[in-house]
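Please read the structure below before turning to the comments.
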Amino acid sequence: MLTYNQDVGALLNARCANCHFEGGVAPFALETYEQVYNQRYAIRAAVINETMPPWQPADGCNTYEGDFSLSADQIASIVEWVDHDAPQGDPVDDVNASASALVTGGDGEEGMSRIDLSMQMPQGYEPQLFPDDYRCFLLDWPETELKYVTGFHAEPGNMQIVHHVIAFMISPEDAADYAALDAESSAPGYTCFGGPGGDPSSAVGWIGAWAPGDPGGNTPAGTGIPVAPGSKVALQVHYDSALYVEGMLDQTTVHFKIDDTVEKPAFVLPFTNYQWLSGSGMDIPAGEASVSHSYLFDPTPFLGMSLLSDGLIPSNTAFEIHSAGLHMHELGKEIKVEVHRANGDRACLLEIDDWDFNWQGGYSLENPEVFEPGDKLYIECEWDNSVSNQRVIDGEPQEPRDVHWGEGTSDEMCLAVIYITAH
Ligand code: HEC
């Protein structure tokens, strides 16, 4: 018979307690037998539904570094243990030393190998919008020569309210526009959602994202993102401000690993249909429970252009895709990005079949995909704009409205972000 002390405890400590600890962002701790026992039915439901742990990629699309999802055996064991009334088992000195056969996989999460630069928000910020506050803070990139970002980690100042952090790099050309945006509000930072705000056509690149439990990490070996002197870092912080208690402040820090040179400079390519950005390019009519838009495009003829990789990856050559992230807002249901080969084959890069706005990030492919000229990138998004899937404000579900592309919380996006190098 499976017990907490001999089997399940070590597994839950390894795979849940990194987020579910006292004072963490998760709603309760799962560090002791009593805490786990009290939540056993919720745990059973969450692992069966695969809502926890919050690993987003759908099965069967691709394989990723640091996969922390539970295997079918691990899920079955937790369920069996709960169904046998969750016994504690014989006492042991250290639950984690019980060398449970259940604790396999989910490794590879060692974090970043070195910290070269740390940047902190200049002052503490107190959430002002409830129950969610999306705020961008602008930090000056201090390096005076071209450098390469080769690792990223964010360290929330206040674990209880920081739900996610995304770092965007603002090019020197756009820095003044963003500084003006930042100066508009007397409180630190400015309101932003889905992106760093500012002119949507400006060249902003993702450099990293953090969500609870994420130890941070290096970029794929030999690769790094070039950052020019005079750039700014826009830090988007999502505050789960429903958990805010009077007087709470957050002052988040981001850490970078940086190198003077890398073998393969990387470019973070945002991929979408740019026609969707204008007017009614991406209609999501009010009341519709299933609306899809898709787009197929070969970026290779344009890659070297200044708005894209600026010569980093020459046009009309093959490139390598190392990681992928996807982005929609709150009406999103399913999203995927694929490579459609010239010969008709398809390679799935990333698919999320139960979209959750709160858990976005990039996923590194165990084996990079090579994209040849003539192949196409394919993105497909599906939304639910029915009455039952609307935002609830002050306890009131909102009326569905016609939705289009936009930066606002009630607008939508359909975007893939892929991390690429020359082949
Ligand atoms: C990466 C961080 C993280 C990990 C790992 C994690 N959780 Fe959670 N968990 C959360 C957060 C945050 C919430 C609050 C709801 C949300 O934001 O989705 C939550 C909510 C829950 C809930 C409440 C109901 C629900 O489904 O939302 C249960 C039960 C739960 N977690 C169980 C687990 C178990 C069991 C594991 C390990 C097998 C686990 N969690 C691993 C972060 C995590």
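The values are calculated or read from the model by the stated rules, or taken from the named source; none is laboratory data. Here the structure is a predicted model, which means the values were calculated and not measured. Here the Cβ is made from the backbone with ideal geometry for all residues, glycine too, and neighbour counts use every protein chain on show. Note: areas computed on protein heavy atoms with side chains; ligands, DNA, RNA excluded. Shrake-Rupley method; radii C 1.70, N 1.55, O 1.52, S 1.80 Å.
Values computed for the structure shown
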item	result
Helix-only mean residue ellipticity at 222 nm for the chain, each DSSP H run of n ≥ 4 adding -39500 (n - 2.57), per residue, nearest 500	-3000 deg cm²/dmol
Scaled radius of gyration (Cα, divided by 2.2 N^0.38 Å) that segment 137-234 gives	1.11
Surface accessible to a 1.4 Å probe, per residue, for the residues of segment 117-264, Å²	40
Per-q log10 I(q)/I(0), the chain, q = 0.08, 0.11, 0.13 Å⁻¹ (Debye; single scatterer per alpha-carbon; no solvent)	-0.47, -0.90, -1.26
Residue-count net charge about GLU380 - beta-carbon cut-off 13 Å; Lys, Arg +1, Asp, Glu -1	-1
For segment 4-98: accessible area per residue (Å², 1.4 Å)	49
Portion, in percent, of the accessible area of the chain that falls on carbon or sulfur, probe 1.4 Å	49
Cβ-defined net charge surrounding TYR41, 13 Å radius [Lys, Arg +1; Asp, Glu -1]	0
More than 26 angstrom apart: percent of Cα pairs within segment 267-422	30
Spatial separation of Cα centroids for segment 135-190 and segment 324-343, in angstrom	26
Segment 321-387: mean projected area of Cα convex hull, nm²	5.1
The chain: Cys lacking any partner C-beta under 4.7 angstrom	CYS16, CYS19
